[in-house]
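The values are calculated or read from the model by the stated rules, or taken from the named source; none is laboratory data. Here the structure is a predicted model, which is why all the values come from computation and not from measurement. Note: ideal-geometry Cβ built from the backbone for every residue, glycine included; neighbour counts use all protein chains shown. Areas reflect the complete protein model, heavy atoms only, side chains present, ligands, DNA and RNA absent. Shrake-Rupley method; radii C 1.70, N 1.55, O 1.52, S 1.80 Å.
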Amino acid sequence: RRQRALLWAVLLAAWEATWGQLRYSVPEEMPKGSFVGDVAKDLGLQLPEIRDRGVRITERGRTQYFALHGKTGHLVTAERIDREQLCRLVENCVLRCELIVEGQMQVYGIIVEITDINDNAPSFGEAETELKIIETAALGSRFPLAEAHDPDSGRNSLQSYELSGDEHFSLAVQAGPGGDQRPELVLAKALDREEAAFHELVLRASDGGDVAWTGTARIRVTVLDANDNAPVFSQAEYMVRVAEDVPVGSVLVTVTATDADEGLYGLVKYSMKKTIDMASDIFHLDTETGAIKLLRSLDFEEGYSYELELQALDSGALLDTAKVAITVTDVNDNAPELTVSSKLNEIPEDAPPGTVVALLHVHDRDSGANGEVRCSLENDVPFRLEKTFEDYYRVVTARELDQSEPSLRLLLTALDGGDPPRTGTAQLWINVTDANDNPPVFAQDRYRVSLREDAASGSTVLNVSASDADDGTNARITYSFGETPAKMLQKFIMEGETGRITLSEPLDFEETRSYTLLVEARDGGGLVSHCKV
């Protein structure tokens, strides 16, 4: 079965580059490291790029479900994925992640559909139940039975029920408002308590997988003496809306049922059927008053709807059922989160406007307006924000920079749409490095100096000096002679670090009465200036 699932994943894997997104499909429960898609091929990335440009996968949730295989460029599973645990209330189970190419400051969205396999059998909340029916119950009377639950989807989910065990009862299945199947026990033959006080039945639930899975529940019917009236709920279905921040212990709703009988047969007690979605761990039903209280805190992001199935039972074992649908509404209890996905530590002052310096991601776990986020950058900085893909922003230069401010602090703010709104912040430090935009400048364009012909070798002729308005290595100056006849250069020596010119050979007034030297000053960035001596 696992081999077929893998083949199915390979056949279904498809990608689309529209809006920078890739689409793949993979069955649930595949082993860690299973192939999902060939990201490198689909994006046209070469394998050396994946290693050298810092290509990585990011996900928004707490669990990393996917990873990028560095040697093959394949997207693979990083964890075994249980579709039913991940998408309890969602038919189309989709995981999203992003692939960031840091060297290109580029981000691609990846959508992976998790397809269902038939890895769950239908199951009942209780393996054995007892049903009490009055012996005077009319033929055709219907009694609701506990529904089975199968977390799989489509054909792999619950498909049919079957009843066995006794000719007194048959099975009917009704379709619920949401398309769910609701089994009912139908009285097919009159009961006689004196003939049989108990009836043992087996209810079997089956799914529609290629190899069908089944689950069973044993039903024991106890035949009771006559009780004329059953309890009746005031509503067949109670609809409740509650904010996720309602205090623990609050009464969410009180259900009521009445019984027209007198005495013990008119006393009503309430009960709640056990559910598989943990609703019975979150809500408590008072069996005497019908009040439903909150046992623990709600979280809209973990669950936004619950359905409780209640029974009102009198002392004669007649009952009525009702449903309570609880909808949890979101409150703005999560602040936006700003994450710096990639950034430059420094940028030259002559970088052109529009240069990308950082890639940011913003996320708010709330929904609706509470989860809608606007990002801004504080004023008076030479940068601006650009939205790129979904919840990603780029920080780019808005104008030319000035190295007079060597370190710039950027404060980014994310504001959601709640009332009142919540904010998240992040800060970046960007170092502005010097550009070699200033050549050396001599103190004088032309120097004149007189020497006696008997000046000793090694004597100082002149100290020339130049300055450079740049910083660091760009301002470091070295001196040398420019284009000067070799005969002249034999007489003089230039010290490169200090600009000191010294006499290297004796002078002869009768031979040469004057010399013209071209002196060159060169900074660390290669810019050159000249003067004459």
Checklist entry - Does VAL242 qualify as being in the same structural domain as ILE282 (by the TED database), open to solvent by 70 Å² or more (accessible area, probe 1.4 Å) and out of contact with any helix residue (DSSP H, G or I) (no Cβ under 6 Å at 6 or more places or on another chain)? => result no
Checklist entry - Only one of these conditions is not met by ARG62: (1) crowded, with 16+ Cβ neighbours inside 10 Å; (2) more than 16 Å from SER157 (Cα to Cα). Which number is it? => result (1)
Checklist entry - Scanning the range 101-120 for residues that are in contact with a strand residue (DSSP E or B) (Cβ under 7 Å, 6 or more places away or on another chain) and closer than 12 Å to SER25 by Cα, which turns out most open to solvent (accessible area, probe 1.4 Å)? => result GLU113
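What do you reckon, is ALA475 of a type outside the set (Val, Ile, Thr), surrounded by 12 or more Cβ atoms within 10 Å (Cβ to Cβ) and within 16 Å of LYS532 (Cα to Cα)? Quick ask: steps written out before the conclusion?
Working: of a type outside the set (Val, Ile, Thr): yes; surrounded by 12 or more Cβ atoms within 10 Å (Cβ to Cβ): yes; within 16 Å of LYS532 (Cα to Cα): no.
It is false that ALA475 is of a type outside the set (Val, Ile, Thr), surrounded by 12 or more Cβ atoms within 10 Å (Cβ to Cβ) and within 16 Å of LYS532 (Cα to Cα).
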Checklist outcome for this item: All conditions in (1) surrounded by 15 or more Cβ atoms within 10 Å (Cβ to Cβ); (2) under 21 Å from ILE50 (Cβ atoms); (3) at pLDDT below 90 are true of LEU75 except (3)
Next on the checklist: List the residue pairs whose Cβ atoms are under 6 Å apart, where the first residue sits in the range 189-209 and is in the same structural domain as GLU162 (by the TED database), the second is outside any loop (DSSP other than H, G, I, E, B) and among the aromatic types (Phe, Trp, Tyr), and the two are 6 or more positions apart or on different chains.
Outcome noted: ALA205/TYR161
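Out of ALA469, ALA455, which single residue is at pLDDT below 95, part of a loop (DSSP other than H, G, I, E, B), outside the structural domain of PRO406 (by the TED database) and farther than 22 Å from TYR515 by Cβ? Can you show your working first?
Details: ALA455 fails: farther than 22 Å from TYR515 by Cβ.
Unique residue meeting the criteria: ALA469.
Tell me which residues, restricted to the range 389-408, are under 16 Å from THR339 (Cα atoms), part of a strand (DSSP E or B) and open to solvent by 40 Å² or more (accessible area, probe 1.4 Å). Lay out the reasoning, then the answer.
Step one: of the range 389-408, the residues under 16 Å from THR339 (Cα atoms) are 389-395.
From what is left, the residues that are part of a strand (DSSP E or B) are 392-395.
Of everything in the range 389-408, just one residue is under 16 Å from THR339 (Cα atoms), part of a strand (DSSP E or B) and open to solvent by 40 Å² or more (accessible area, probe 1.4 Å), namely ARG394.
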Checklist entry - Looking at (1) free of Cβ contacts under 8 Å to residues at least 40 places away in the same chain; (2) more than 29 Å from GLY524 (Cα to Cα); (3) open to solvent by 40 Å² or more (accessible area, probe 1.4 Å), can you tell me which one PRO421 breaks? => result (1)
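Please count how many residues of the range 181-199 are more than 16 Å from PHE124 (Cβ to Cβ) and assigned to a strand (DSSP E or B).
Taking the range 181-199 first, the residues more than 16 Å from PHE124 (Cβ to Cβ) are 186-199.
Those left that are additionally assigned to a strand (DSSP E or B): 186-187, 198-199.
Final tally of qualifying residues: 4.
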Checklist outcome for this item: With criteria (1) farther than 30 Å from LYS273 by Cβ; (2) open to solvent by less than 40 Å² (accessible area, probe 1.4 Å); (3) outside any strand (DSSP E or B), GLU98 comes up short on (3)
Checklist entry - Is there any pair with a first residue in the range 364-380 that is more than 9 Å from GLY418 (Cα to Cα) and of a type in the set (A, V, I, L, M) and a second that is in a strand (DSSP E or B) and open to solvent by less than 40 Å² (accessible area, probe 1.4 Å) whose Cβ atoms are under 7 Å apart and which are 6 or more apart or on different chains, and what are they? => result VAL373/VAL362; VAL373/ALA414; VAL373/ASP416; LEU377/PHE383; LEU377/LEU410; LEU377/LEU412
Checklist entry - If a residue has to be modelled with pLDDT of 90 or more and surrounded by 17 or more Cβ atoms within 10 Å (Cβ to Cβ) to count, how many in the range 431-452 make the cut? => result 4
Next on the checklist: Residue pairs, Cβ under 7 Å, 6 or more apart or interchain, first in the range 333-356 and exposed (fewer than 15 other Cβ atoms within 10 Å of the Cβ), second modelled with pLDDT of 90 or more and small (Gly, Ala, Ser). List them.
Outcome noted: VAL340/ALA358; VAL340/ALA426; PRO353/ALA398
Checklist entry - Taking GLU91, is it open to solvent by 40 Å² or more (accessible area, probe 1.4 Å), in contact (Cβ under 8 Å) with a residue 24 or more places away in the chain and under 30 Å from ASN345 (Cα atoms)? => result no
Next on the checklist: Going by what's in this entry, would ASP166 be described as under 51 Å from the mean Cα position of the chain (by Cα), assigned to a loop (DSSP other than H, G, I, E, B), charged (D, E, K, R) and over 30 Å from GLY263 (Cα atoms)?
Outcome noted: no
Item to check | Within the range 222-236, considering residues that are modelled with pLDDT of 95 or more and part of a strand (DSSP E or B), the one most open to solvent (accessible area, probe 1.4 Å) | outcome: VAL232
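Would you pick out the residues in the range 161-181 that are closer than 26 Å to THR115 by Cα and crowded, with 17+ Cβ neighbours inside 10 Å? Please lay out each step first, then the result.
Residues of the range 161-181 that are closer than 26 Å to THR115 by Cα, as a first pass: 161, 175-181.
The answer is TYR161, and nothing else.
Look at the range 206-221 and say how many of its residues are open to solvent by 80 Å² or more (accessible area, probe 1.4 Å), touching a strand residue (DSSP E or B) at 6+ places or on another chain (Cβ under 8 Å) and outside any strand (DSSP E or B). Can you show your working first?
Here is the first cut: in the range 206-221, the ones open to solvent by 80 Å² or more (accessible area, probe 1.4 Å) are 210-211, 213, 218, 220.
So of that shortlist, the ones also touching a strand residue (DSSP E or B) at 6+ places or on another chain (Cβ under 8 Å) come out as 213, 218, 220.
Still in the list and also outside any strand (DSSP E or B): 213.
Residues in the range 206-221 being open to solvent by 80 Å² or more (accessible area, probe 1.4 Å), touching a strand residue (DSSP E or B) at 6+ places or on another chain (Cβ under 8 Å) and outside any strand (DSSP E or B): 1 in total.
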